[in-house]
Structures are given as C-alpha cells and as structure tokens.
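Let me begin by presenting the structure, written as structure tokens, before commenting on it.
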Amino acid sequence: METLVRTEGLTKHYGIKHIVRAVEDVSLHIERGRSLALIGESGSGKTTFARLISGLEKPTGGSIELFGKSMDGMSEKELRPMRRDLQIVFQSSGGVFDPGYTIGESIREVLANYEKLSASEYEERTIESLRRVGLDPSLRLRYVSQLSGGQCQRANIARALVLAPKLVICDEPVSSLDYSIRKQILELLREIQDRYGVTYLLITHDLSNVPYVCQAVAIMYQGHVVEYLDSTERIGERVTHPYSRLLYRSIPAADPRQRTIAEAGDTAADDMRQVETGCPFRLRCPHARDICAREKPASVMTEPGHMVACHRA
Ligand code: ADP
Ligand code: MG
C-alpha cells in the first residue's frame, strides 16, 4: 500500500498569551485508495489539520510525510511539485474563482502552472475536465457569477481534478449547498474516486456522508483524534469513544441529513473549555473518573484497525 500522508505527533498552537490548541499530538495516515473522513464539531481542528498537511501552515510540533517525503523544513520550491498531487476543494467554492476570469480561464491557469501545452490542448483538457464532473463544456465561457451553487461546486471539483492529483482534500464540500444538491455532489465525488483512483481527505460535519465516500474515519475532539477506524461499515454501532457515541446517537434514523454534529451535543459553553491535562473530553463525558483528569488516555487498539483514546477502552 502507498501511504500518501503520515503525521506523527502533529501539533499546531495559535496565540501567545492565550494558547489555542488547534491540533494536538495527531498521528494519522492516509493510504492510497482509502479515503479518510475527518469528523468533529466546529473548532475541533479539522481545517487546521488539512492546512498543515498541505503546507499552508507550519506545525508547532510533530512531523508530516507527504507522498513519502518529510515536509520538515521543506522550501516553497520543493513543495511545488507536491502541490500538483494535492488539491483542495473548499466549502465556499465561489471564492475560488476570480470573478474577472471565465471558468475555462481559471481551470486553464491551474493547468498552465504545471504543463506547457498548445492553446488547443488547453482547450481540450478544460472541456474534458468539465465533462468529467457532469457540466456542459459551454460553461467554460461563463463567469462564476453566472453559475448556480451546484454548478460552481462542480466547476471547483473540475479545477481540482484537472492535474490528476493523488490526494484531494474536500473541506465541507457540500455544507454550503441545498440539501437537494448535496447528494448529487457526493455521488460525483464517489464516481470520481472509483473512476480516476483519487483518494480524499473528506472533512465533514454530516456523518451520513462518511460511508458514502470514505473507507476510514478519524474523529477529532478539540484538536485530538479520539477514535480511528479503518473501515466505515456499521460505523455507528462500532464506535466506542464516549464522544463518538454522542455524535452517532444524535443522528435520528429517519432522516440523518436533518442533523449535523454542530447540533449534536447540547452542551454548555463552559464544557467546551480546552483542558490542559488528562482527557480532552472529560468535562463532557458521562463516564469521567479521577484518572481522566490526571492522565491523557493513550490511543489503544481495541480490535484490528480500530484505535480509541479512552481510559475505558
Ligand atoms: P474546524 O475546521 O474543525 O472547525 P479549525 O481548524 O478551523 O477547526 O480551528 C481549530 C481551532 O483553532 C479553533 O479554536 C479556531 O478558532 C482556532 N484557529 C484556527 N485558525 C486560527 C488562526 N489562524 N489563528 C488563531 N486561531 C485559529
Ligand atoms: Mg473547518
């Protein structure tokens, strides 16, 4: 198996007086062909993790290997060829496109960063990339303001795929879209995965998306990965960390789309404080004991491919 990303003890703190532990001691890996879902409430460090492995932020501590190379001390110049293989699809796709360029020009620009082609070859590749995501190639002549939300997110995906990257980070790719369109975009992501062998890091609030597109899951709480599973089958029944259980319990069976993680825990803001010792979840945990305040739980394997960081595990 080819490991696309491997982090060891990855840490990112913000601030000087008041430290925000955005990512804390995260050791994760993404294998080729096994898309990873990163889930957790807003503020749990998901986007920061994505920015770290993309080289957009420098870590406070720990290490990152991207496509088998250490990113430690890597220069912009060394990073450049690696960026070709790592593309990002952001939540608000509109901002990705310059309003003064046509969609086709924007896609061509990404291509031209890495490949010297003739004008007709650029045109062909742009058309092909739009067809791949189910858009009519004539949309290349339009501006972002002339596209619907769904078309815009498809164009965004087309742009991310035009260089045939190995890894595509999708940060909440459907959360700004209407429910009616979300399913279509997820279908598209899945189809692209099957057809072009792309691997995703899918950051999502919506747990119902996970088994659809991903083969592995990491659950984050306040910068920590509290649980990891290398399969997504019957995931709701298999998670054991009290935080993961809380997330999964709060999805009503009838229509899982109706609720997301943000609404899952009805928690007093006070319990959201970051703790510096012990288990990060202990203030909200119904099972917290003395040891949870004293010692940070190590991540232990409770069954093959299933890691849990909890003193009860
Ligand atoms: P998520 O994507 O899971 O919602 P983020 O990674 O965006 O979480 O944020 C994690 C924490 O780090 C939050 O408390 C956020 O306020 C903080 N944070 C993120 N980026 C910065 C920054 N540039 N400066 C200061 N704090 C930040
Ligand atoms: Mg985020």
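Read the figures in this text as sums done on the coordinates, not as results from a lab. Bear in mind that the values here come from a model prediction, so they are computed numbers and not experimental data. For neighbour counting, all protein chains shown are included, and Cβ atoms are generated from backbone atoms with ideal geometry for every residue, glycine included.
The modelled label-to-label distance for the pair Q146/K183, using points 7 Å beyond Cα in the direction of Cβ, is 3.1 nm.
Tell me, Kirkwood radius of region 141-181 from alpha-carbon pair distances, in Å? Write down the numbers at each step before the final one.
Working: mean 1/r = 0.0876 Å⁻¹.
Hydrodynamic radius (Kirkwood, Cα only) of region 141-181 equals 11.4 Å.
Fully extended, how many nm does the chain gain between A119 and D290 (0.36 nm per residue separation, minus their Cα-Cα distance)? Show your work: numbers first, answer last.
Details: separation 171, 0.36 × 171 = 61.56 nm, distance 6.78 nm.
Separation in residues times 0.36 nm, less the Cα-Cα distance, equals 54.8 nm.
Across region 102-244, the fraction of Cα-Cα pairs farther apart than 28 Å, rounded to a whole number, is 27%.
Using a 10 Å cut-off on Cβ atoms, rank the peptides 113-121, 28-36 from the highest mean neighbour count down. Numbers along the way, then the final one.
Working: 113-121: 10.3, 28-36: 19.7.
So the order, starting with the most tightly packed, is 28-36, 113-121.
The modelled label-to-label distance for the pair E2/E237, using points 7 Å beyond Cα in the direction of Cβ, is 3.5 nm.
Of the peptides 131-139, 235-243, how do they stack up when ordered by the mean number of other Cβ atoms within 10 Å, highest first? Walk me through the numbers on the way to the answer.
Working: 131-139: 15.8, 235-243: 18.9.
Going by the mean number of other Cβ atoms within 10 Å, highest first, we get 235-243, 131-139.
When the chymotrypsin sites (Phe, Trp or Tyr not before Pro) in region 1-109 are filtered for DSSP coil states and for at most 14 other beta-carbon atoms within 10 Å of their beta-carbon, the remaining sites are Y101.
For region 1-118, the equivalent ellipsoid derived from the Cα gyration tensor has semi-axes of 27, 19, 15 Å, listed largest first. Annotation: extensible slack from M74 through I19 equals 17.2 nm (criterion: 0.36 nm per residue apart, minus Cα-Cα distance). Just need the Rg to Rh number for the chain, please, alpha carbons only, Kirkwood Rh. Checking Rg against Rh, the ratio lands at 0.98. Over all Cα atoms in region 48-99, the spread is summed up by Rg and Dmax: 12.5, 39 Å.
Helix content alone sets the calculated 222 nm mean residue ellipticity of the chain: runs of n ≥ 4 DSSP H residues at -39500 (n - 2.57) each, divided across all residues, give -8500 deg cm²/dmol.
Distances between every pair of Cα atoms in region 143-216, grouped in 10 Å steps from 0 to the bin holding the largest one, split as 18, 56, 24, 1 percent.
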